[in-house]
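The block underneath contains the structure these notes are about, expressed in structure tokens.
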Amino acid sequence: VTMNTHDYVGEIEERLDFPKDWEIDVMQLAGENLPPLTPKQIIERLRSPIGSKQLRDIAAGKKNAVVTFDDISRPTPVHLIAEHVANELNAAGIDDDHILFICAQGSHQSMTHSEAMAKLGPVFQRCPWMSHNIHTNCLDVGRTTWNNRIQVNGFLANADVKVLIGAIRDHPGFGYSGGAKSIIPGMVSLETIKYNHAVIGGIPKGNRVYEGHDNPNTGRNHVI
């Protein structure tokens, strides 16, 4: 069986070998044969958001923007999107030097230059970029109703305009990747990530932990 898989370096044809007496069915995902969006279609969708103003209208009169993107472990074709996002911000009056792209990799390893270049495409040469750091420059913005202390990336918190680029994909623990996961765990501190994963993530199993209590997963007491 040969099939195409997508990676940050492009499309790869992979071959899987099975015993001759096996009966093989290849189950394709919905939309497998649909053509990808053209640059023109991407721009049209950017300019026709659902239930929101256009990005250029949101950014009008603002001084700076932060655009987050998911890391190399996700197949999102950020390079096809990022340049158009930057162009829309430019149209609103924000120049390239004031558009910061941040990899929302959470506690994953930081991006290398080659990975970031492949992820961002042409915008890599235009705008500054960095990887989020879970240990520094995280601002405390309060607690959630689940008692999680939210410490979010300072550049993102202070940006006049915030844009998140990420794929919405099935996730075994929290429903889906992308969307809200671009912030938690993508752009928060290690403390916030640990509480989110080990504490809140353990609630369906009957485990609930609060600060001040010991827990082998979070360094605090474990209570049920």
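The values are calculated or read from the model by the stated rules, or taken from the named source; none is laboratory data. All values reported here derive from a predicted model rather than from experimental measurement. Using ideal geometry, Cβ is built from the backbone for each residue, glycine included, and neighbour counts are taken over all protein chains shown. Just the protein is used for accessible areas: all its heavy atoms, side chains included, with ligands, DNA and RNA removed. Shrake-Rupley method; radii C 1.70, N 1.55, O 1.52, S 1.80 Å.
Worth pointing out:
- The chain: C-alpha pair distances exceeding 23 Å, %: 57
- Residue 21 accessible area, 1.4 Å probe, all protein chains in place, Å² to nearest 10: 130
- Computed with every protein chain present, the accessible area of residue 113 is close to 120 Å² [probe 1.4 Å].
- Spin-label model distance (nm) - residue 18 vs residue 80, 7 Å beyond Cα toward Cβ: 2.8
- Of the listed residues 47, 74, the order by accessible area with a 1.4 Å probe, largest first, is 47, 74.
- Neighbour count of at most 12 Cβ within 10 Å plus DSSP loop: longest GluC sites (Glu not before Pro)-free window in the chain: 33-224
- Label-zone membership for the range 113-145, site residue 90, 7 angstrom Cα→C-beta point, backbone N under 17 Å: 120-129
- Of 57, 70, the order by accessible heavy-atom surface (1.4 Å probe, DNA, RNA and ligands excluded), from most exposed downward, is 57, 70.
- Entries in 53/162; 119/194; 62/162; 40/119 that, when Cα-Cα distance is taken, lie over 22 Å: 119/194
- Distance histogram in 10 Å bins (all Cα pairs of the range 21-101, percent per bin): 15, 36, 28, 11, 6, 3, 1
- For residue 85, the accessible area of its heavy atoms, probed at 1.4 Å with every protein chain present, is near 0 square angstrom.
- Distance in nm between pseudo-label sites at residue 54 and residue 145 (7 Å out along the Cβ direction from Cα): 3.7
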